[in-house]
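The structure appears right after this line, and notes come after that.
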Amino acid sequence: MMNKKTLQVGLVGFGYAGSTFHAPVITNVANMSLAKVVQRNGASSKEKYPWVTVVGSVQELYADDDIDLVVITTPSTNHYALAKEAIMAGKHVVVEKPFTTTSSEADELISLAREKNVVVSVYQNRRWDGDFMTLRQVLDQSLLGRVIEAEFRWDRFSPVV
């Protein structure tokens, strides 16, 4: 990967997270190119990014030797299985949060990535949101005293519509 001029990226899912956060970031980072998008229904990604190849399955994406990095933006119940398949295919992986549903699944993916000599990471865009940055400043200035626990929640995904 280090010898390539541009990192070829495959995006799994073009729903809210894929279309709103991931695709725009990928297409605006130097040395990254959005090459393929997995969409089971439709090809809306091609309307916005005419150069991409739209494929109907992750297997098509994983089989492409030109794809260096797979970004997984599907519902969280699929993250573990899709990330594991991508790692097994020798791809670097970024997974939308939550990374996995259990810590043992996360440990397994990290171990497998080390074994396959690929990078696996979690997309942490919330670290740059205003509320988080403000809290960071408050903590750095010790304005609250010793904080031992904090919980943030953004509950959006619901399997029941």
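The values are calculated or read from the model by the stated rules, or taken from the named source; none is laboratory data. Computed from a predicted structure; not experimentally measured. Reconstructed Cβ throughout: ideal geometry from the backbone, glycine too, with neighbour counts over all protein chains shown. The accessibility values were calculated without ligands, DNA or RNA, using every heavy atom of the protein model including side chains. Shrake-Rupley method; radii C 1.70, N 1.55, O 1.52, S 1.80 Å.
Side notes on the structure shown:
- Whole-Hz couplings from phi, Karplus 6.51/-1.76/1.60, listed for the range 128-144; x for Gly and Pro: 10, 6, x, 5, 5, 5, 5, 4, 4, 5, 4, 5, 4, 8, 6, 6, 9
- Gaussian network model of the chain, Cα within-10 Å springs - most flexible of ILE148, ILE67, ILE87: ILE148
- With a simple spin-label model that places each label point 7 Å from the Cα along the Cα-to-Cβ direction, the separation between ALA63 and ALA81 comes to 1.9 nm.
- For the range 1-80 versus the range 89-124, the gap between their alpha-carbon centres in whole angstrom: 17
- Compared with the dominant Cα axis of the chain, that is its longest principal axis, helix 103-116 is turned about 50°.
- Principal-axis analysis of the Cα atoms of the chain puts helix 79-88 at an angle of about 50° to the longest axis.
- Stretch gain in nm, segment THR27-SER142, where the contour uses 0.36 nm per residue and the Cα spacing is subtracted: 37.6 nm
- Here the simple spin-label model places points 7 Å from the Cα toward Cβ, and for THR134 and LEU112 these points are separated by 4.0 nm.
- Debye-formula intensities of the range 1-154, expressed as log10 I(q)/I(0) at q = 0.11, 0.12, 0.14, 0.21 Å⁻¹, are -0.48, -0.56, -0.74, -1.33 (one equal scatterer per alpha-carbon, no solvent).
- Linear extension gain, ARG153 paired with MET88, 0.36 nm per residue minus alpha-carbon span: 20.3 nm
- Applying a DSSP loop filter and a limit of 15 other Cβ atoms within 10 Å to the chymotrypsin sites (Phe, Trp or Tyr not before Pro) in the range 14-83 leaves TRP51.
- Average Cα contact separation per residue, the range 1-151, under 8 Å, 6 or more apart, as relative contact order %: 18
- Accessible carbon and sulfur surface of the range 1-59 relative to its total accessible area, %, 1.4 Å: 53
- Listed residues MET88, MET133, MET32, most fluctuating in the chain (Gaussian network, C-alpha, under 10 Å): MET133
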